[in-house]
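Accompanying notes for the structure given below.
Just so you know, all these numbers are worked out from the coordinates, no wet-lab data involved. What you see is a predicted model; the values in this text were computed from it and never measured. Reconstructed Cβ throughout: ideal geometry from the backbone, glycine too, with neighbour counts over all protein chains shown.
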Amino acid sequence: MGHMLIEAIGISPDCTLAGALDLAGSPFIGTDAAAFSGHASGVLIHSDIAAGLKNAGVLIDFTRPEGTMAHLAVCRTLGVKLVIGTTGFSDAQKAEIAAASRDIAIVMAPNMSVGVNVTLKLLEMAARAMPEGYDIEIVESHHRHKVDAPSGTALKMGEVIAGALGRDLKDCAVYAREGVTGERDPSSIGFATVRGGDVVGDHTVMFLGTGERIEITHRSSSRATYAQGSLRAARFLAGHDSGLFDMFDVLNLNR
């Protein structure tokens, strides 16, 4: 994702690469952030967060929860706005992010893809139109290196559907089935996870009724779409000094 973001910023007419971060001990520390592309950006990769953010107005963060929380603290101190594409946060970490948004503007979403977020809106509409008589199952596939399951996007899909149905996903989600499970609870939302190969990210939501099945699917073939969505989020933050937003806010889908 770092490479994708740097490439997207490089061709953007209104965004400038101000800094780049990597883990301490990385062999890329001190090298040009765009060296992988064969071009020089003039921006060196840092492991020191404050140094990397010295000239930045917005940090785009695709790391892991512990990394994001460390970045959050420094962004809050420096007044740097934050786009968070990381997933797998605990409730306590989410609360800490919300608290920080009182001081800095933050866009946080489990998936920055414009297409995924339009898909979420379609799922909300479908759930409201079919509140009864349809069983809901969410199937997601990702590459073998993904460390969390279900994906943050799949969970967001479940949250959007549950919210549209007046339910709490914590009360109706089913994440595993094995053995004699008994008849399916019609109020449940099921999840299935596939991991393997180099799958960027596939998500299918099935509304299974009597005599028909509706499937709404989004497939990612490149991480470039996440980078472009992230830049849209960064542009959105230019108009806000504080607050916690998601991609529905960025794309004006909350109406």
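Side notes on the structure shown:
- Annotation for the range 52-69 versus the range 170-222: alpha-carbon center distance of 32 Å.
- In the range 14-95, the trypsin sites (Lys or Arg not before Pro) that fall in loop regions by DSSP, at most 14 other Cβ within 10 Å: K54
- Under 5 Å, built H, 5+ apart or other chain: amide partners of I60: V83
- Among H71, H145, H46, the largest mean-square fluctuation in a Gaussian network model of the chain, built with springs joining Cα atoms closer than 10 Å, belongs to H145.
- Residues M108, M130, M69, arranged from fewest to most other Cβ atoms within 10 angstrom of their Cβ, appear as M130, M69, M108.
- Helix 114-129 vs. the chain, principal-axis angle (Cα, 0 to 90°, nearest 10): 20 degrees
- Computed FRET value (nearest 0.05) for A73 with E178, which takes r as the C-beta separation and R₀ as 51 Å: 0.80
- When the Gaussian network model of the chain links Cα atoms closer than 10 Å, the mean-square fluctuations of A149, A35, A109 top out at A35.
- In terms of its Cα atoms, the chain spans 60, 39, 33 Å along the principal axes, sorted from long to short.
- For the range 114-220: rounded, prolate or oblate by the Cα gyration tensor [a/c cutoff 1.5]: oblate
- Couplings 3J(HN,Hα) for the range 220-234, derived from phi with the Karplus relation 6.51 cos²θ - 1.76 cosθ + 1.60 (θ = phi - 60°), are 9, 9, 7, 6, 4, 5, 5, 5, 5, x, 5, 5, 4, 5, 5 Hz, where x marks Gly and Pro.
- Of the GluC sites (Glu not before Pro) found in the range 154-255, those that fall in a DSSP loop while having at most 13 other beta-carbon atoms within 10 Å are E178, E183, E212.
- Using a cutoff of 8 angstrom between alpha carbon atoms and counting only pairs six or more residues apart, the relative contact order for the chain works out to 21 percent.
- Karplus-derived 3J(HN,Hα), 6.51/-1.76/1.60, for each residue of the range 64-79, Hz, glycine and proline x: 10, x, 5, x, 4, 5, 5, 5, 4, 4, 6, 4, 5, 5, 8, x
- Once backbone amide H atoms are built at 1.01 Å from N, A173 has I189 as its partners under 5 Å, excluding neighbours fewer than 5 places away on the same chain.
- Projecting label points 7 angstrom from Cα along Cα→Cβ for T31 and L44 puts them 1.5 nm apart.
- Sorted ascending by nearby beta carbons within 10 Å, beginning with the fewest, S242, S222 become S222, S242.
- Distant-in-sequence amide H partners of V199 (H built 1.01 Å from N, under 5 Å): H143, R144
- Computed FRET value (nearest 0.05) for S187 with R102, which takes r as the C-beta separation and R₀ as 35 Å: 0.45
- Projecting label points 7 angstrom from Cα along Cα→Cβ for H240 and A95 puts them 2.2 nm apart.
- Computed from backbone phi with θ = phi - 60° and the Karplus coefficients 6.51, -1.76 and 1.60, the 3J(HN,Hα) list for the range 204-211 is 10, 10, 10, 9, 9, x, 8, x Hz; x is used for glycine and proline.
- Extension gain, E7 to H143, is 46.8 nm, computed as 0.36 nm per intervening residue step minus the present C-alpha separation.
- Within the range 16-109, chymotrypsin sites (Phe, Trp or Tyr not before Pro) in DSSP loop having at most 12 other beta-carbon neighbours inside 10 Å: none
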